[in-house]
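Report on one structure; see the data block that follows.
The values are calculated or read from the model by the stated rules, or taken from the named source; none is laboratory data. The model shown is predicted, which means the values in this text are computed figures rather than measured ones. Cβ atoms come from the backbone with ideal geometry, glycine included; neighbour counts cover every protein chain shown. In case anyone asks, the SASA skips ligands and DNA or RNA and just uses the protein heavy atoms, side chains included. Shrake-Rupley method; radii C 1.70, N 1.55, O 1.52, S 1.80 Å.
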Amino acid sequence: MTKIDAREIRGLLQRDLTKLLGALFRGYTITYPVFAPLNPTRDDKTPGSFVIWTAGAAAGGFNEYSPKGPAAHGDIIDLIAYVHRQPGNRAFAFAWARNFLNIKTATPEQLKALKSSARAHVTQATQAQSDALADRRKKALNLWQRSLPIAGSVAETYLASRRIPYILIKNREEDLRFIPRLEHWKSTKWDRSTTPWTKIHSGGEFPCMVAAMRNLAGDITAVHCTFLRSDGSGKADVSEAKLIRGDAKGSAIRLTKGESGLSLEEARAEYESHGLVHSFMPFEGIENALTYAMEVPEPRIWACGSFDLMLALRIEDEPSFDPVIYGTDNDGTAQAEEKIIDRIDEVRASGRDCSRAQPPAGVKDFNDLIRGD
């Protein structure tokens, strides 16, 4: 009997995306490459915060950006569950999708044709996703190649304003740099009806602290950009002062080498030859990680750019990391608390010690602690 698997169902849904969105959002004109209807799960009066991608490998994926939230995102299957007010219920979404695609009532010949079409679309989408990933990484690397040493720059002044004397941090890596002027691309306005797109309004240019984000193999896959005021007294007055360009999942910003002074590659070789391990601490933000590194120079310390990216870092794939201590903030939700507890359990299950470090209750993070905020 011919069966249509989950990956093929996603492919068929992407193939029929216009029809799918028409069924989920009746009365709307579908737009490309993004579609921004009112969020049907809340009292949404203004379009723009609920976004569905309608082109490329991520077609059918969505993001809920509204602070009225709760925050939500996912692929085309998650979208179906979300719109039907069953977030996270992928079993429901797949059952709904099978009905939508008429899989249950299809004849063997029709199922065979559906499977063939699905495979063709999945192959095409996989190649498009691979091409898009390579393009994002290339753009990130090009941006990194424009960067300059941080010493004496506005970025160093910014860190000093956060009470971080960067030059005094022991065993620093060299993956924190500076670009004198960088456009805040999130604020740039484009006319997407033209090919290529036409820039309508610049997002403005600002000094920028730029950090390389490397995977465990050492490849730069993304760059983390902190847009700054011209005098370095704080972050730039823009909607989002911190942006990431490239493919950041599974990568992190290497800030210090720890008391060993060894690069990750050297530590890995030491583990392979002598079985030696070194303590490792992943953090969310750069400033928080550097603050901790000033006071506790012993562990290797990296920043991941966000809570989700910190949890996504495949610590289990690096045997020289032991113990692992997550540096966490105090501003997380109950859901985030559950996630970090689960992640710690996962790392422990890989055979190494794992715990967490947090600032005292009532203080957001370690940087706020030293600044007295």
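List pairs: first residue in the range 192-218 and on the phi > 0 side of the Ramachandran plot, second residue part of a strand (DSSP E or B) anywhere in the structure, Cβ distance under 8 angstrom, at least six positions apart or on different chains.
Taking only residues 6 or more apart or on different chains, the pairs are Gly204/Glu183.
Please find, among Ala23, Ala57, the residue that is out of contact with any Leu (no Cβ under 7 Å at 6 or more places or on another chain), touching a residue at least 60 places away in the same chain (Cβ under 8 Å) and within 24 Å of Asp247 (Cα to Cα).
Details: Ala23 fails: within 24 Å of Asp247 (Cα to Cα).
Answer to the selection: Ala57.
If we keep just the residues of the range 29-65 that are among the aliphatic types (A, V, I, L, M) and within 15 Å of Ala125 (Cα to Cα), which is surrounded by the most Cβ atoms within 10 Å (Cβ to Cβ)? Write out each step before concluding.
Just the residues of the range 29-65 that are among the aliphatic types (A, V, I, L, M), to begin with: 30, 34, 36, 38, 51-52, 55, 57-59.
Subsequent filtering for residues that are within 15 Å of Ala125 (Cα to Cα) retains 55, 57-59.
Numbers: Ala55: 13, Ala57: 17, Ala58: 18, Ala59: 23.
Among those that are among the aliphatic types (A, V, I, L, M) and within 15 Å of Ala125 (Cα to Cα), it is Ala59.
Mind listing whichever residues of the range 3-28 are closer than 30 Å to Thr123 by Cβ and surrounded by fewer than 14 Cβ atoms within 10 Å (Cβ to Cβ)?
Selection gives Lys3, Asp5, Ala6, Arg7, Thr18, Lys19, Ala23.
Within the range 96-155, how many residues are closer than 15 Å to Ala6 by Cβ and under 24 Å from the mean Cα position of the chain (by Cα)?
Of the residues in that region, 3 qualify.
With respect to Ala155, is the statement that it is under 14 Å from Ile286 (Cβ atoms) and in a helix (DSSP H, G or I) true?
Numbers: under 14 Å from Ile286 (Cβ atoms): yes; in a helix (DSSP H, G or I): yes.
The answer is yes for Ala155.
Hey, among the residues in the range 159-205 that are among the basic types (Lys, Arg), part of a loop (DSSP other than H, G, I, E, B) and open to solvent by 100 Å² or more (accessible area, probe 1.4 Å), which one's nearest to Pro297 (Cα to Cα)? Before the answer, list the steps.
Looking only at the range 159-205, we keep the residues that are among the basic types (Lys, Arg), and these are 162-163, 170, 172, 177, 181, 186, 189, 192, 199.
Filter once more, so that each one left must be part of a loop (DSSP other than H, G, I, E, B): 162-163, 170, 192.
Checking which are open to solvent by 100 Å² or more (accessible area, probe 1.4 Å) leaves us with 163, 170, 192.
Working: Arg163: 16, Lys170: 6, Arg192: 49 Å.
For the range 159-205, the residue satisfying everything is Lys170.
Quick check on the range 307-325: of everything there that is in contact (Cβ under 8 Å) with a residue 24 or more places away in the chain and within 19 Å of Arg245 (Cβ to Cβ), which residue is surrounded by the fewest Cβ atoms within 10 Å (Cβ to Cβ)? So that I can check it myself, show each step before the final result.
If we filter the range 307-325 for residues that are in contact (Cβ under 8 Å) with a residue 24 or more places away in the chain, which is where we start, we get 307, 309-325.
Pick out the ones that are also within 19 Å of Arg245 (Cβ to Cβ) and you get 309-310, 312-313.
Details: Leu309: 22, Met310: 23, Ala312: 15, Leu313: 23.
It comes out as Ala312.
Which of (1) over 24 Å from the mean Cα position of the chain (by Cα); (2) free of Cβ contacts under 8 Å to residues at least 40 places away in the same chain is the odd one out, the single condition Asn171 does not satisfy?
Answer for Asn171: the failing condition is (2).
Based on what the data block shows, is Lys115 of a type in the set (Lys, Arg), more than 25 Å from Lys257 (Cβ to Cβ), at pLDDT below 95 and open to solvent by less than 80 Å² (accessible area, probe 1.4 Å)?
yes
Taking the criterion of being in a loop (DSSP other than H, G, I, E, B), of a type in the set (A, V, I, L, M, F, W, C), within 26 Å of Ala217 (Cβ to Cβ) and within 19 Å of the chain's Cα centre (by Cα), would at least one residue in the range 339-349 satisfy it? Quick ask: steps written out before the conclusion?
From the range 339-349, those in a loop (DSSP other than H, G, I, E, B) are none; that's our starting set.
No, the range 339-349 contains no residue that is in a loop (DSSP other than H, G, I, E, B), of a type in the set (A, V, I, L, M, F, W, C), within 26 Å of Ala217 (Cβ to Cβ) and within 19 Å of the chain's Cα centre (by Cα).
Among the listed residues Ser273, Ser260, which satisfies the condition of being touching a residue at least 12 places away in the same chain (Cβ under 8 Å), at negative phi and of a type in the set (S, T, N, Q)?
Values: Ser273 fails: touching a residue at least 12 places away in the same chain (Cβ under 8 Å).
Just a single option satisfies the conditions, and that option is Ser260.
So Ala252 clears everything in (1) open to solvent by 50 Å² or more (accessible area, probe 1.4 Å); (2) out of contact with any helix residue (DSSP H, G or I) (no Cβ under 7 Å at 6 or more places or on another chain); (3) not hydroxyl-bearing (Ser, Thr, Tyr) except one condition, right? Which one?
So Ala252 meets the others, but not (1).
Scan the range 262-297 residue by residue and report those that are open to solvent by 10 Å² or more (accessible area, probe 1.4 Å) and closer than 13 Å to Ile169 by Cβ.
Within the range 262-297, Tyr292, Met294, Glu295, Val296, Pro297 qualify.
Can you pull out the residues in the range 118-154 that are within 30 Å of Gly234 (Cα to Cα) and open to solvent by 90 Å² or more (accessible area, probe 1.4 Å)?
The first filter runs over the range 118-154 and keeps only residues within 30 Å of Gly234 (Cα to Cα), leaving 136-154.
Hits for the range 118-154 are Arg136, Lys138, Lys139, Gln145, Arg146.
Could you look through the range 326-373, keep only residues that are free of Cβ contacts under 8 Å to residues at least 24 places away in the same chain and under 23 Å from Gly234 (Cα atoms), and pick out the one that is surrounded by the fewest Cβ atoms within 10 Å (Cβ to Cβ)?
Ranking the qualifying residues of the range 326-373, first place goes to Gly372.
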